[in-house]
Ligand SMILES: Nc1ncnc2c1ncn2[C@@H]1O[C@H](COP(=O)(O)OP(=O)(O)OP(=O)(O)O)[C@@H](O)[C@H]1O
Ligand SMILES: [Mg+2]
């Protein structure tokens, strides 16, 4: 019988503790299955089998206790939750791997030493940390103003004209550029300017700026579109000129989102390896001059540590993992700072 | 004196060759005003004299162009891409669409209150009131600013409710309070004319009464034009009423007639007006 037609009093909802019990039962069953089939606890197998068993259990138990409609509702909720957990698994796995392997060399030396004349043990990532800061910083200096102003133009000034349409589709195309192409472009450009084979931090930041700009344009556009038109009209109706309306009403209202967009774009490029490999190259020592000489960044250091380890290779592996862990920490720091800034700058009324 | 009537047919819907453009005193006269969205003619051939220091109500069925016409009176219409007008609008005898007239200056003289309250979310209550000056980077001494805030909020009947939380966000107020805050913001810049597009449509009856009595107070200083769907409201507050109508979707709206409010509601000259105000359509 359909529960919808039952008097409300007859429905006995499942108690809250039942569903977690089902999850545990499903996971234990899946673990046993995994052990039987693969001879060990294999996490992907446990997740997939456990998810399916849990879905079936949830439906059957809920159907018996609560009827068809509720059972379907619970099953749908479980499907969504299971998929979310499944999406989290790779993320957690990456984090766990970086943590477990990266902490061995995550010491003070990592921040104070370079790789200059280091063979085997010891050495650090100081040169790569400085390189990443310089390259990403210069890239942001180029991409953030260009991208933000382009976004402002597209949303606030262009009235759907041809220039706007061409710009928008160029931005779309740019979003899809493989990063190695940006790197090759920068490499070729600086080969023409500085002579063949020239690699420098600046060439790397040009490549990164190419990748960042469309992201910043896109996020700026989206954030400005979120600002209700009524606010612009309210400002115009007070006799405020357009440029003041943009600088004093539109941008302050959207500033939290704009900052988040910028930090997302930085996070997106700070881990880029391929373009920097090509355009900025590898160096063993600190190079503070972005315009001449190779400059190493964290992802490139990490890559070479694994691709071309010295002897003993473990030392390079460990440094590589520490560099990777440091990158993750950097991205987290960038996000946290931007979250805090966004909270501070958020429109008062929405707090 | 000004008793324009019209015949709701093609050509010239209304003639006001006898309508003297009021000079000084902040009256508005529209002459042969066609209003377009791109190629779409939304309102045609409006001739209307809005008397200074009085309340003029614009009524009519949905989509007949009341908001469009109202927005063309302070050049807010052209904020919409490809929107334009044809004809003249005189403020104190001067064409606001004349060559070399800066729309920004016109909007400082002709303020506007919108249907939905729209306080600036980044600003406090006091900052919202001062927005017209602050956004224009006008320098104000602290005491002058405080005076303006108090005067405008008192003017908008809001002072007592917010005087203890002037530095709190404007969007933390109730809808009715927000609308009165928007009115305070509009009158803080001391415009000559106040345009209100359904200012009470989002408000409860008590806030509506507050806004209405506010309008009656304000009319000794301001020329007020109000769009409303509420017949009682038009009858309660306005001195003169203009009835807009539309012959069908895709057709332009036009003014059927404009007259003293009692006449429109008791004995209009057009059948369409009488049908509308008695609720037979619209
Ligand atoms: N932004 C716009 N772009 C194109 N056409 C518009 C726009 N705004 C309004 N219109 C059209 O102009 C005509 C008049 O609209 P308007 O908003 O002035 O009507 P209204 O009398 O204010 O109606 P309501 O009482 O529902 O507010 C309508 O046909 C409408 O579709
Ligand atoms: Mg309207």
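The values are calculated or read from the model by the stated rules, or taken from the named source; none is laboratory data. Owing to the predicted nature of the structure, the values given are computational and were not obtained by experimental measurement. Reconstructed Cβ throughout: ideal geometry from the backbone, glycine too, with neighbour counts over all protein chains shown.
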Exercise for review: Tell me which residues, restricted to the stretch B:33-60, are surrounded by fewer than 18 Cβ atoms within 10 Å (Cβ to Cβ) and either near ligand 1 (Cβ under 9 Å from one of its atoms) or part of a strand (DSSP E or B) (or both).
Suggested key: B:34, B:37, B:38, B:40, B:41
Practice item. Quick one: which residue in A:116, A:199 is crowded, with 22+ Cβ neighbours inside 10 Å, modelled with pLDDT under 95 and under 30 Å from residue A:313 (Cα atoms)? Key: A:199
Review point. Scanning the stretch B:77-113 for residues that are within 16 Å of ligand 2 (Cβ to nearest atom) and either buried (at least 22 other Cβ atoms within 10 Å of the Cβ) or more than 7 Å from chain A (Cβ to nearest Cβ) (or both), which turns out farthest from residue B:212 (Cα to Cα)?
Key: B:83
Point to revise | helices (runs of 4 or more DSSP H) contained in the stretch A:224-319 and holding at least 3 residues away from chain B (no Cβ under 14 Å) | key: A:251-270, A:274-279, A:298-307
Practice item. Sort through A:175, A:132 and tell me the only one that's surrounded by fewer than 21 Cβ atoms within 10 Å (Cβ to Cβ) and assigned by TED's automatic domain parsing to the domain that holds residue A:285. Key: A:175
Check your understanding: Does the stretch B:223-230 contain at least one residue that is under 18 Å from the mean Cα position of the chain (by Cα), more than 16 Å from ligand 2 (Cβ to nearest atom) and away from every other protein chain (no Cβ under 14 Å)?
Key -> yes
**Study point:** the stretch A:289-311 residues that are without any contact (Cβ under 8 Å) to a residue 12 or more places away in the chain, paired with ones that are part of a loop (DSSP other than H, G, I, E, B) (beta carbon under 8 Å, 6 or more apart)
**Key:** none
Practice item. Give the stretch B:193-208 a look and list any residue that's away from ligand 2 (no atom under 16 Å from the Cβ) and at pLDDT 90 or above, or say none. Key: B:193, B:194
Point to revise | Entirely in the stretch B:90-184, the helices (runs of 4 or more DSSP H) that have 1 or more residues that are over 26 Å from residue B:78 (Cβ atoms) | key: B:125-129, B:142-155, B:159-162
Check your understanding: Any idea how many residues of the stretch B:215-236 are surrounded by 15 or more Cβ atoms within 10 Å (Cβ to Cβ), over 16 Å from residue B:193 (Cβ atoms) and away from ligand 1 (no atom under 16 Å from the Cβ)?
Key -> 2
Check your understanding: Name the residues in the stretch B:255-269 that are more than 16 Å from ligand 2 (Cβ to nearest atom), part of a strand (DSSP E or B) and surrounded by 21 or more Cβ atoms within 10 Å (Cβ to Cβ), would you?
Key -> B:256, B:257, B:258, B:259
